Every structure is written in C-alpha cells, then in structure tokens.
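Notes for the one structure printed next.
Laboratory data are not the source of any read-out in this text; all were calculated from the coordinates shown. Being a predicted model, the structure only gives us computed values, none of them experimental. Reconstructed Cβ throughout: ideal geometry from the backbone, glycine too, with neighbour counts over all protein chains shown.
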Amino acid sequence: MYIELTDEQRAAQQTAREFAEKEIFPVARDNDALEKFPAEIVKKMAGLGFLGAPIPEQYGGAGMDFISYAVITEEIGRACSSVRTVLSVTTSLVALTILKWGSEEQKQEYLPRLCSGEIIGCFGLTEPDAGSDAANISTTAKKTGSNWTLNGNKMWISNGRVAKIAIIFAQTDKKVGHKGLAAFLVDTDTRGFSSQPIHGKLGLKSSDTSSLTLEDVKTPESALMGKVGDGFKVAMSALDNGRYSVAAGCVGICQGCLDASVKYAKERTAFGRPIAGFQLVQELIADMVVDTEAARLLVFQAGHLKNKGVANTRETSIAKLYASEAALRCGNRAIQVFGGYGYSNEYPVERYMRDARVASLYEGTTQIQKLIIGRFATGISAFM
C-alpha cells in the first residue's frame, strides 16, 4: 500500500514538525533528566489543535482525519515520547472514547475542555494484579441510591496526577465476569480519589505516571458511560485507538533514530573518513530505513480503515506490534552507530531506546498483540 499525503495532511505534518523542532526538542533532554512534566508544551500543543485533532469541530476539535492525527503524533514522538504520551492518552484513550461511548451531555461537558487543554484526561484500566487480563479487574462499583460508589486501585496510569477527568473501569458484579464491567467518568477532585507518583522508570521520565486510589468515591449515575456491562467493549475500543497513536509515536522514534544516525555518521570520522562510508554502518542505517518505512505504512493502513469507519482491530494490532518492536530495534542500532557517545544523553538516541521499551508493554503487550493477530488468522481464540 502506498499512501500519498493530501495537502491538508502535509500541512498538519509540517506544523507539528516545526512545533516539535522549536518547542520540544530544545528541552526534551533536560525535562527527561529532571523528570519535569511538560505542562507549558502541552498548553501550546493544545493551542494548535493537536489534543483534539481527530475530534469533530462541533465538540471543539480540529476535525482532522486519522492519517493527519498519525503524522502529528509521529512528529511529536520523534521529539519526545513523554509529550507524545500526554497527547495519546488525552486524545486516543479519553477524548475518542467519550466521543464513541459518552452521552451527548458527557460529550458537551468534557470534549471541548479536553481539546482546548483546559483539562487533561487519564485512563484507569490497569491494576496491580490486572494488566493484560483486563476482564479480571477488582475495582468495584456499587449502586447506592442515585449514585455509584467506587473502591479500588489502579496502577501505571499515565497523566494520573495531572488529569482532571479519569475514565475508571469497575466491576459491578464479579459473578458475571466481563459482563459486569462498567466505565465511569470520574472527576479527580472527588472526595476519596487520590494519586501517587511512580518514580524510577526506565523511560518516559518527563511524563506523569501514577497509581490511583479510590476510597468510597461517589459518582452520579450520569457518570456511567454506556450501560453496565459495556465496560469491556469500551476498554477494547479505547485500546484500538490508543494502540494506533502508540504505533504512530513509535514511527517517530524510528525516524528520530534514523535522522540522528545519518547526521552523526556523516560527521564522525574514523580511519581518515566519515563512518557513513563503512559498510557495516550503512547496514545499521539501512535496517533503520526499512523498519521506519514499514512501520509507517502499517500505521497508515490502520488509519485508512479508521477513516472509512470500518473494523480495524487486526490492522491496528499489527501496526502496534511492528512499530513498537521496530522502535526498540532502531534505538539499539542508533546507539551502535554512535558508539560510546550513544550511551550518553549528549545525544538523543539513548533516550529513544529507553522510551521505546515501554511501547511493547502498555496498550497490550507484544504477546497480546500476537494473540489478537493469531485469533484473526485462525479463527480460534487463545484467550481463556
């Protein structure tokens, strides 16, 4: 498949590239070292319409198509995956989920504020004892009069401390398994809702990662998205969107590794000539070219289906699987091109590799993507 970008898509790409070069790249290394959340960058990003790129204009979004969203996410990911994480979670996991599953009142209440950057969202699915097994979450929701009372803990939640709205998944009846799951829109200022920072991460050091605690958190009946029992479907559709933006961001990591390696290989000399002329260096660079192009085309293929409004779980899983693994390969190869300098944060390639590592874990591990793809290929589910 070959996809030539439209004028509108190229304009979105160029705007994102210029923004990344001017606003993100210059501070990415320091933000990473200091574990500083990029709040000002997020505000500026929202001002350009990036946080609401694929959201319809009637809800405050930019009304862009999914290929435009992919190229924006790629450019942001090429500069800093921590910033890309804020974009992915707020837009893909939260805003697009509200757009699909929220009531009209919920859409009117939250989407314009998410798109403008007035508020940031987080996605509360993963728990200390429930990651890939999303149907086995232990957070509970009990109906108490006209309210729901939520109790439980969430883990590895991106944007957890900075979010003002959280999508929280809870079990209403454990006896019926995933059929009892429900999704709630919870104001993080609600009494009993708290967050705790998680430090010591390998990568994404300037993004906010937190655990969440819900102790008798009362939410009105209007906080429920869809119906009781829709929670599993809500989660899976959200992850389809989340995986898409993670894949696009990983293409950015691949491209960043390639760009940095080509530039360095032309400047660095050994044995009296640029190392770009060495066959084995060219092999490393050629492998990065192939991985980058292949990952990008897989993302565009998924985006094309999203634009048509047709099922794309298979294609999105393929894109996420390949792009996340390709990003790690490119990070490793780039460090090899740079040699000892690649092991230092003087250059961005060590950050690229560290940031790439988590992409094969969250939004469904590499192994989960293989089970999804295998199910489509065989017609038999390996999930118990």
Given Cα pairs under 8 Å that are at least 6 residues apart, what percent is the relative contact order of region 132-274? 25
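So which DSSP H runs in the chain come out at 24 Å plus along the axis (Cα) with average Kyte-Doolittle of at least -0.5?
On the way: long enough: 231-267 (53 Å, 0.30); 279-308 (44 Å, 0.25); 313-338 (37 Å, -0.04).
Membrane-span-like by this criterion, though nothing is claimed about a membrane: 231-267, 279-308, 313-338.
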Efficiency of FRET from Cβ geometry, THR144 and LYS100, R₀ 22 Å, rounded to 0.05: 0.20
Spin-label pair GLU293/LYS175, simplified geometry with 7 Å Cα→Cβ offset, distance in nm: 6.0
Net dipole in debye of the chain [+1 Lys, Arg Cβ; -1 Asp, Glu Cβ; about Cα centre; nearest 20]: 620
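Which value, to two decimals, describes the C-alpha radius of gyration of the chain once divided by 2.2 N^0.38 Å?
Details: Rg = 20.8 Å, N = 384, 2.2 N^0.38 = 21.1 Å.
Its radius of gyration relative to the 2.2 N^0.38 Å reference: 0.98.
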Among all the lysines, which ones have a C-alpha under 24 Å from LYS320's C-alpha, if same-chain residues fewer than 8 places away are not counted? LYS100, LYS154, LYS201, LYS205, LYS233, LYS306, LYS308, LYS370
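Taking Cα pairs under 8 Å and at least six residues apart, what relative contact order does region 46-162 come out at, in percent?
Dividing the mean separation by the residue count of region 46-162 yields 24 percent.
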Tell me, what is the FRET efficiency for THR378 and THR269 to the nearest 0.05, using R0 = 56 angstrom and their Cβ-Cβ distance as r? 0.60
Roughly what percent of Cα-Cα pairs across region 92-179 reach past 17 Å? 55
What number, in percent, do you get for the relative contact order of the chain if the mean sequence gap of Cα pairs under 8 Å and at least 6 apart is divided by its residue count? 16
Most mobile listed residue (GLU74, GLU105, GLU127) in the chain, GNM with C-alpha springs under 10 Å: GLU105
Furthest towards positive pole of dipole, PRO26, ILE198, GLY52, structure part the chain, Cβ charges: ILE198
Once the dipole of region 7-119 is set up from charges on Cβ (+1 Lys and Arg, -1 Asp and Glu), the residue from the list ILE119, SER68, VAL83 lying farthest towards its positive end is VAL83
With a ≥ b ≥ c from the Cα gyration tensor eigenvalues, square-rooted, and the rule rounded for a/c under 1.5, otherwise prolate when a/b > b/c and oblate otherwise, region 233-378 is prolate
Compute a Gaussian network model of the chain, connecting alpha carbons closer than 10 Å, and tell me which residue from THR190, THR172, THR219 fluctuates the most. THR190
So, in nm, how far is label ALA286 from label GLU21 when the simple model puts each one 7 Å beyond its Cα toward the Cβ? 3.0
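For the residues ILE137, ILE41, what sequence is obtained by ranking on other C-beta atoms within 10 Å, fewest first?
Working: ILE137 27, ILE41 23.
In order of increasing Cβ crowding within 10 Å: ILE41, ILE137.
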For a bin width of 5 Å, list the pair-distance distribution of region 24-148 built from all Cα-Cα distances, rounded to whole %. 2, 10, 18, 18, 17, 14, 12, 6, 2, 1, 0
Cβ density ranking, 10 Å radius, fewest first, applied to LYS154, LYS143 yields LYS143, LYS154
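Let's see if you can work this out: charge +1 on each Lys and Arg Cβ, -1 on each Asp and Glu Cβ, no other charges. What is the dipole magnitude of region 233-378 about its Cα centre, in debye to the nearest 20? List each step's numbers first, then the result.
Details: 18 positive and 13 negative charges, 69 e Å.
Magnitude of the dipole: close to 340 debye.
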Please build a GNM for the chain, connecting alpha carbons under 10 Å apart, and tell me which residue among TYR322, TYR69, TYR341 fluctuates the most. TYR341
When the Cα centres of region 50-123 and region 233-275 are compared, how far apart do they sit, in Å? 22
Given only helices, namely DSSP H runs of n ≥ 4 each adding -39500 (n - 2.57), what is the per-residue ellipticity at 222 nm of the chain, to the nearest 500 deg cm²/dmol? -16000 deg cm²/dmol
Which distance in nm do the two modelled labels at ASN345 and VAL262 give, with both placed 7 Å along the Cα-to-Cβ direction? 2.8
What ranking of SER360, SER116 emerges when the number of other C-beta atoms within 10 Å of each C-beta is taken as an exposure proxy, fewest first? SER116, SER360
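To the nearest 0.05, how large is the calculated FRET efficiency for SER237 and THR213 if R₀ is 22 Å and r is the Cβ-Cβ distance? Walk me through the intermediate numbers first.
Values: r = 26 Å, r/R0 = 1.20.
After rounding, the FRET efficiency stands at 0.25.
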